[in-house]
Structures are given as C-alpha cells and as structure tokens.
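A short write-up of the structure that comes next.
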Amino acid sequence: MATPTIILSFLLIFGVAICQSEARAFFVFGDSLVDSGNNNYLATTARADSPPYGIDYPTRRATGRFSNGYNIPDIISQQIGSSESPLPYLDPALTGQRLLVGANFASAGIGILNDTGIQFINIIRMPQQLAYFRQYQSRVSGLIGEANTQRLVNQALVLMTLGGNDFVNNYYLVPNSARSRQFSIQDYVPYLIREYRKILMNVYNLGARRVIVTGTGPLGCVPAELAQRSRNGECSPELQRAAGLFNPQLTQMLQGLNSELGSDVFIAANTQQMHTNFITNPQAYGFITSKVACCGQGPYNGLGLCTPLSNLCPNRDVYAFWDPFHPSERANKIIVQQIMSGTTELMNPMNLSTILAMDSHA
C-alpha cells in the first residue's frame with residue numbers, strides 16, 4: 001500500500017506538471033519595442049547591448065532590450081504567470097524545457113515592409129521571423145510530439161508589434177524617400193494594412209489563435225521627432241497624421257479578419273491612445289516630462305543614440321521616454337496595465353484579463 005508520503009510526493013510532482021502545462025506559451029513578433037535581445041546576435045547598428053541600457057534591469061546590465069529595465073513582453077509575461085519572459089529566439093540558452101515557455105522573434109528596426117530599416121542591414125525581417133516560428137515548432141515537436149506542439153501554439157498568447165518603423169525608418173526617414181515618391185500618405189497606409197494582413201494570416205495559418213496586435217504610438221510626439229521637426233515642443237503634424245490614418249485602419253482590418261475567421265483571434269491594442277494619455281497629461285501619471293528623453297543628447301535628448309556619453313536622467317521613473325524612441329520601464333508598465341484592463345476604446349474587442357478569464361474556462 002502506498003504511504004501518505006509517496007502519495008503526497010506524487011501529487012506535488014503531478015501538480016507541478018499540471019501548472020507547467022497550464023501556463024500558456026507566449027510568442028512575440030515585431031520591432032524594437034518588443035525585441036528582447038535577438039539583435040545582440042546580429043551584425044547591425046540596431047542594438048541595445050551596451051550601457052546605459054538595462055540600468056534598471058534586475059541584473060543592471062544591458063540585455064538588448066530598448067529600455068532602462070523591463071520591456072512590454074517582460075511585463076505581460078509577469079501578468080500571465082509565465083515562469084520567465086520568452087527568450088530571444090537566437091539566444092543559445094533557448095533549448096529543452098525553456099522552449100515550452102515560448103520564444104521572442106522580434107528584431108529592432110524591422111517593419112511590415114521588407115525595405116523598412118534597410119540602413120540597419122542585418123535584421124530579422126518578418127518573413128524570417130515567421131520562418132523561425134516554423135523552425136521553433138519543429139524543434140518543440142521533437143520534445144513533446146506534434147499534437148502537443150500544435151496544442152501549445154493554439155493555446156498560446158501572441159504579441160505582434162509592427163508599423164512604426166514603416167513611417168520613421170522608411171516613408172519619413174529622408175525627405176523625398178523612395179516610398180514617399182511612390183505613394184501619397186493616403187495610399188501608403190492602405191498598402192501597409194494590406195501587407196500587414198498577409199503577415200497576420202500567416203501567423204494564423206501557423207497556429208496562432210490569440211494575437212494582440214498593437215497599433216503605433218503617437219509617432220510625431222517622440223523625442224526623436226521633436227528634436228528634428230519641432231520648433232517649440234509641438235508634435236510633428238505629418239507623423240501624427242500618419243499614425244491617425246494607420247491605427248483606425250488597422251483596427252478595422254482586424255475586425256474584418258475576425259469576422260472572416262468567425263472568432264476573436266486578433267485583439268487591437270490602441271497604443272496610440274494609451275501613449276497619448278500620458279503625453280498630453282504626464283503629471284497625472286507621475287511623469288515630469290513626456291517630451292524629453294531620459295537618455296540622449298541635443299534638443300529633448302532626441303538626437304542620435306543612447307550611449308555612455310549621453311545625458312542620463314537620475315530617476316527614470318519620472319520620464320515617459322527612456323531614449324529618443326522608446327518608453328521607459330514605468331511607461332511600459334502603464335501600457336501593459338491598460339492592455340490588461342483597458343476599456344474597448346483601448347482593447348478591442350476585449351482586454352487581456354477578459355481573454356485570460358475566458359480561455360481558462362474553455
């Protein structure tokens with residue numbers, strides 16, 4: 001007869017196995033807002049692997065995240081109860097059981113279009129991110145079998161962050177850019193949306209069934225654009241107009257996809273409004289400024305890169321922007337809070353808390 005100790009040991013082991021299988025995998029695709037270090041392994045200038053990046057990360061070291069500390073995928077991982085944030089796909093430590101947590105395929109500098117970020121040369125554009133996702137699935141099939149891998153992917157949460165670079169590192173990168181000669185902004189945006197739709201259908205066909213798709217932030221209000229385009233602190237009207245065209249069309253396209261698929265696969269995160277809230281009223285969120293970056297140089301600390309020689313603010317928590325383009329860790333926490341519990345104006349058709357509650361009963 002089994003002793004109580006043996007039964008207890010069995011229950012503990014079995015319980016751990018259940019918990020591990022119920023913690024959903026998390027996959028991340030996109031650009032520098034969500035890159036956790038893939039570009040560290042590439043010969044590119046689009047990287048964040050030296051100080052003062054990571055100054056507030058638990059290890060106090062630069063990890064390749066474009067943040068003073070945690071980025072959005074890290075904070076979402078904490079909220080959904082993952083054992084850790086998914087590792088960059090190119091990280092050699094991503095093997096064995098750690099693969100079951102998920103993977104981060106994002107790469108700084110990329111966009112919806114393959115000609116976005118060409119100045120960064122060697123970055124993981126979307127076709128390659130999707131190829132890595134296929135490769136990931138065959139690696140995991142070797143661990144847990146094909147059927148379990150399909151279940152893991154179907155039940156996973158996916159975050160997709162694209163679009164900003166198609167404006168700042170493509171259409172508006174230089175005056176008279178190739179894309180701006182080819183398209184008016186009114187025609188460029190629908191073209192981007194059509195291309196984005198193809199990417200999202202590819203992700204769906206690879207098994208993703210819960211995909212949070214973030215819009216662009218208020219592109220004209222980031223310190224980099226203020227430094228180059230602003231006379232006295234006003235946001236760039238051109239870039240604001242671009243974001244104002246792109247985001248509603250993105251939401252509309254996602255709603256169309258959902259009705260075509262007969263399921264709420266794609267969730268639109270209105271990150272433009274989330275950012276705008278603390279850009280227009282930084283004090284309400286505990287920031288002293290949403291115009292000046294913590295790390296940088298020149299007007300608004302918005303020129304060039306954040307390096308050891310840059311101006312560096314002593315308290316990152318009171319700055320909405322960490323560097324010329326990227327939110328501070330504290331701003332990222334506010335954004336994730338709104339992804340978790342925002343109204344349908346911010347999260348359409350539902351927020352992440354609702355998704356987690358629904359899926360736990362499925």
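The values are calculated or read from the model by the stated rules, or taken from the named source; none is laboratory data. The structure displayed is predicted, hence computed values, not measured ones. Note: ideal-geometry Cβ built from the backbone for every residue, glycine included; neighbour counts use all protein chains shown. These area figures cover heavy atoms from the full protein model, side chains too; ligands, DNA and RNA do not enter into them. Shrake-Rupley method; radii C 1.70, N 1.55, O 1.52, S 1.80 Å.
Worth pointing out:
- Two-decimal Rg to Rh for the stretch 26-270 - Kirkwood Rh, Cα set: 0.97
- q = 0.10, 0.16 Å⁻¹: log10 I(q)/I(0) that the Debye formula gives for the stretch 19-153, counting C-alpha atoms only: -0.32, -0.81
- Selection of trypsin sites (Lys or Arg not before Pro), the stretch 222-281, meeting DSSP coil and at most 11 other Cβ within 10 Å: R231
- Once the Cα atoms are used to define both axes, helix 329-341 deviates from the longest principal axis of the chain by about 60 degrees.
- Rounded tilt (10° steps) of 271-280 against the dominant C-alpha axis of the chain: 50
- Neighbourhood charge, 10 Å Cβ-Cβ cut-off, centred on A156 and excluding it, Lys, Arg +1 and Asp, Glu -1: +4
- DSSP beta bridges in the chain [antiparallel fraction, %, rounded to 5]: 25
- Nearest-10 value in Å² for the accessible area of I193, using the 1.4 Å probe: 20
- Solvent-accessible area of L90, all protein chains in place: 40 Å² (probe radius 1.4 Å, heavy atoms, ligands and nucleic acids excluded).
- Across Y319, Y41, Y300, mean-square fluctuation computed from a Gaussian network of the chain (C-alpha pairs under 10 Å connected) peaks at Y41.
- Accessible area expressed per residue, the stretch 26-270, with surrounding protein chains retained (probe 1.4 Å, Å²): 39
- Exposure check, 1.4 Å probe, all protein chains in place: S180 carries approximately 40 Å² of accessible surface.
- Percent carbon-and-sulfur accessible area, the chain, ignoring ligands, DNA and RNA, probe 1.4 Å: 55
- Across H326, H361, the residue with the most accessible area heads the list, and the full order at a 1.4 Å probe is H361, H326.
- Estimated 222 nm signal from helices in the chain, with DSSP H stretches of n ≥ 4 weighted -39500 (n - 2.57), rounded to 500: -13000 deg cm²/dmol
- Sparsely packed loop sites in the stretch 204-240 (the GluC sites (Glu not before Pro) outside DSSP H, G, I, E and B with at most 13 other Cβ atoms within 10 Å) comprise E234.
- The angle between the Cα long axis of helix 185-205 and the longest principal axis of the Cα atoms of the chain comes to about 10 degrees, rounded to the nearest 10.
- Highest mobility in the GNM of the chain, judged by mean-square fluctuation with C-alpha springs under 10 Å and restricted to G111, G286, G96, is found for G96.
- A simple count of charges around A103, restricted to other residues whose Cβ falls under 11 Å of its Cβ and scoring Lys, Arg +1 and Asp, Glu -1, yields +1.
- Applying both filters, DSSP loop and at most 14 other Cβ atoms within 10 Å, to the trypsin sites (Lys or Arg not before Pro) of the stretch 38-103 gives R60, R61.
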